1. Pull up the cross-link candidates among the lysines for K21, meaning alpha carbon to alpha carbon under 27 Å and not fewer than 8 places away within one chain.
2. If packing is taken as the average count of other Cβ atoms within 10 Å, what order do 21-27, 42-48, 65-71 fall into, highest mean first?
3. Using +1 at the Cβ of each Lys and Arg and -1 at the Cβ of each Asp and Glu in the chain, identify which of F36, N83, G93 lies farthest towards the dipole's positive end.
4. If you average the sequence gap of Cα pairs under 8 Å that are 6 or more apart and divide by the length of the chain, what percent do you get for the contact order?
5. Rounded, prolate or oblate: which fits the stretch 30-77 when a ≥ b ≥ c are the square roots of the eigenvalues of the alpha-carbon gyration tensor, with rounded for a/c under 1.5 and prolate only if a/b beats b/c?
6. Could you give me the ³J(HN,Hα) list for the stretch 71-78, computed from phi with Karplus coefficients 6.51, -1.76, 1.60 and θ = phi - 60°, whole Hz, x at Gly and Pro?
7. Out of residues 5 or more away from N83 or on other chains, whose amide H comes under 5 Å of its own, with H placed 1.01 Å from N in the peptide plane?
8. Using just the Cα positions, wrap the chain in a convex hull and report its mean projected area in square nanometres, one decimal place.
Amino acid sequence: MNYVTCPKCNGSGRIPAGDNKWKFISSGYSESDDTFKCDNCGGQYMMGIPTGKVRFDKNNNPCYHSYKSQNIGRCLTQYSCENCDDTYQIDSGD
């Protein structure tokens with residue numbers, strides 16, 4: 001499977017935090033460079049670490065994920081990208 005540079009973070013694995021008022025208490029926030037971990041190339045996964053790489057979408061471009069969610073269990077949600085075959089699950093543990 002071929003991977004290319006993430007279009008959201010340009011391969012850095014970090015995205016600007018901007019004026020998010022909750023950034024100081026948010027997971028993945030780095031005060032030193034005012035960024036969050038990228039939620040397009042791995043940070044969106046449970047315990048995920050951004051890689052700076054993504055798959056190609058259906059049009060052969062680097063995928064900028066657009067996920068749809070589906071409840072598949074009492075505390076389990078599956079997310080599927082509409083643009084490529086990427087999927088992941090989050091267990092809320094409730």
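Readers should treat all values here as calculations from the given coordinates under stated rules, not as data from a laboratory. Just so we're clear, the structure is a prediction, and the values are computed from it rather than from any experiment. Every residue, glycine as well, gets a Cβ built from its backbone with ideal geometry; the counts of neighbours run over all protein chains shown.
1. Of all the lysines, those that pass the test against K21 - Cα under 27 Å, at least 8 places apart if same chain - are K8, K37, K68.
2. Peptide ranking by packing, descending: 42-48, 65-71, 21-27.
3. N83
4. 24 percent
5. oblate
6. Rounded to whole hertz, the list is 6, 10, x, 4, 10, 10, 10, 9.
7. Counting only residues 5 or more places away or on other chains, the set is S66.
8. With every direction weighted equally, the projected area is 6.9 nm².
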